[in-house]
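First up is the structure itself, then whatever we jot down about it.
The values are calculated or read from the model by the stated rules, or taken from the named source; none is laboratory data. The structure displayed is predicted, hence computed values, not measured ones. So basically every Cβ, Gly included, is an ideal-geometry build from the backbone, and we count neighbours across all protein chains shown.
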Amino acid sequence: MKSFLTSIVILWTMGVAQAQDVKVAIGISGWTGFAPLTLAKEAGLFKKHGLDVSLKKIPQKDRHLAIASGDIQCAATTVETWVVWNANGVATTQIFQLDKSYGADGMVVKPTITKIADLKGKTVAASAPGTAPYFTLAWMLKKNGLSVKDVKVVNLEPQAAANAMIAGTDGIDAAMTYEPYLGAVRAKPEAGKIIATTLDYPMVMDTVGCTPKFLADNPKAAKALADGYFDALAMIKAEPKKSFEIMGADVKQSAEAFEASQKYLRWQDREANQKFFAGEHAAFSKEAADLLLESGIIKQVPDLSKLADTRFVK
């Protein structure tokens, strides 16, 4: 009888523990910078903080639609993308920074192109307006005296854009892509050259954000998301080989190949997050909003003061 009662208590305790796990769905892509979220999930780090996290691979151009429909509560994307989403009525708030690109995003061009200004009148493969690759294109063109109106943009997602360059597709003079797909182009220089990356134009930064309703209803869960991510960064330092295996498997890369990809970015720990949200985030969001407005990607600038909630990185 005693053992029976003990079993009942154990089962009841397990049930309570499971009931306490807050469910949260996060929209991501195969971008190398998002990989610590996969590590946090697969290694049980989110679970440790009382979260039942599901990671959903959704193209960046559709991620805001998944938020608006309630299919996901949170997402990972670039800082300027949150400006676009909020400008288009999809209210979202950033809660922690994931990474900064240090050469992981770039522009690949045919061998005949020698400088970005040569792209005037040419065709460039890039994701749809409102995505990071499209914004990176707009940013690089502007810094070289051009705009997106000076080129013809063919909408291809980063992997397809890289593949088009590798295949030597006729009619495509340049492409916007990122790691791990940029690495495939690096490995085949005869297919084209990487003319510019975020080492030249440091403007690709990723954050995780959620709907205001989720944050209001689940502030502890939002803190747990950030803590789980920071735990993943600690695991990468303590167990790099195991971590790279887990993260690489998600994008069909070996641990060695993934390790090579991640060298082109910097994941941002708690201290880096605090520094970023102290001033850089607001300054970049303002400059990005001006370019988005100028490029016609947004019709009006949203309330930039509501784009981030810094409580969760303290």
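Kindly indicate whether Thr77 is in a helix (DSSP H, G or I), buried (at least 24 other Cβ atoms within 10 Å of the Cβ) and out of contact with any Leu (no Cβ under 7 Å at 6 or more places or on another chain).
In short, no.
Here are Asn163, Asn155: which of them is of a type outside the set (A, V, I, L, M, F, W, C), out of contact with any helix residue (DSSP H, G or I) (no Cβ under 7 Å at 6 or more places or on another chain) and crowded, with 16+ Cβ neighbours inside 10 Å? Reasoning before the result, please.
Numbers: Asn155 fails: crowded, with 16+ Cβ neighbours inside 10 Å.
Just a single option satisfies the conditions, and that option is Asn163.
I'm told Lys61 meets every condition in (1) more than 14 Å from the chain's Cα centre (by Cα); (2) modelled with pLDDT under 95; (3) of a type in the set (Lys, Arg) except one. Can you identify the failing condition by its number?
For Lys61, the failing item is (1).
What residue, among those in the range 169-183 that are among the charged types (D, E, K, R) and in contact (Cβ under 8 Å) with a residue 40 or more places away in the chain, is surrounded by the fewest Cβ atoms within 10 Å (Cβ to Cβ)? Before you say what the answer is, go through the steps one by one.
Narrowing the range 169-183 to residues among the charged types (D, E, K, R): 170, 173, 179.
Among the residues that remain, those that are also in contact (Cβ under 8 Å) with a residue 40 or more places away in the chain are: 173, 179.
Details: Asp173: 21, Glu179: 29.
Here the answer is Asp173.
Being out of contact with any Gly (no Cβ under 8 Å at 6 or more places or on another chain), among the charged types (D, E, K, R) and part of a loop (DSSP other than H, G, I, E, B) narrows it down to one residue among Asp200, Asp227; which is it?
Within the list Asp200, Asp227, the selection yields Asp200.
Restricting attention to the range 266-314, report how many residues are crowded, with 17+ Cβ neighbours inside 10 Å and farther than 21 Å from Cys210 by Cα.
The number of residues fulfilling the criteria is 4.
Can you tell me which of Ala128, Ala175 is under 27 Å from Gly70 (Cβ atoms) and outside the structural domain of Phe258 (by TED's automatic domain parsing)?
Ala128
Name the pairs whose Cβ atoms lie under 9 Å apart, with the first residue in the range 279-291 and among the basic types (Lys, Arg), the second modelled with pLDDT of 95 or more, and 6 or more positions between them or separate chains?
Listed pairs, sorted by first residue: Lys286/Val301; Lys286/Leu304.
Anything in the range 184-229 that is under 19 Å from the mean Cα position of the chain (by Cα), surrounded by 16 or more Cβ atoms within 10 Å (Cβ to Cβ) and farther than 25 Å from Ile67 by Cα? List them, or say none.
Listed by number, the residues that qualify are Thr197, Thr198, Tyr201.
Within the range 111-129, identify whether any single residue is in contact with a helix residue (DSSP H, G or I) (Cβ under 8 Å, 6 or more places away or on another chain), surrounded by fewer than 17 Cβ atoms within 10 Å (Cβ to Cβ), closer than 22 Å to Val251 by Cβ and touching a residue at least 12 places away in the same chain (Cβ under 8 Å), and answer yes or no.
Scanning the range 111-129, I find at least one residue that is in contact with a helix residue (DSSP H, G or I) (Cβ under 8 Å, 6 or more places away or on another chain), surrounded by fewer than 17 Cβ atoms within 10 Å (Cβ to Cβ), closer than 22 Å to Val251 by Cβ and touching a residue at least 12 places away in the same chain (Cβ under 8 Å), so the answer is yes.
Name the residue that is nearest to the chain's Cα centre (by Cα), counting only residues in the range 230-265 that are surrounded by fewer than 15 Cβ atoms within 10 Å (Cβ to Cβ) and charged (D, E, K, R).
Residue satisfying both the conditions and the ranking: Lys263.
Exactly one condition in (1) buried (at least 16 other Cβ atoms within 10 Å of the Cβ); (2) out of contact with any helix residue (DSSP H, G or I) (no Cβ under 6 Å at 6 or more places or on another chain); (3) not basic (Lys, Arg) is false for Ile58; which is it?
(2)
Only one of Lys61, Lys57, Lys47 is farther than 24 Å from Tyr201 by Cβ and in contact with a Ser or Thr (Cβ under 8 Å, 6 or more places away or on another chain). Can you tell me which? Please lay out each step first, then the result.
On the way: Lys61 fails: farther than 24 Å from Tyr201 by Cβ; Lys47 fails: in contact with a Ser or Thr (Cβ under 8 Å, 6 or more places away or on another chain).
Of Lys61, Lys57, Lys47, the one residue that is farther than 24 Å from Tyr201 by Cβ and in contact with a Ser or Thr (Cβ under 8 Å, 6 or more places away or on another chain) is Lys57.
Could you grab me the full set of residues in the range 230-281 that are part of a loop (DSSP other than H, G, I, E, B) and either assigned by TED's automatic domain parsing to the domain that holds Leu182 or among the aliphatic types (A, V, I, L, M) (or both)?
Within the range 230-281, just Val251 meets the criteria.
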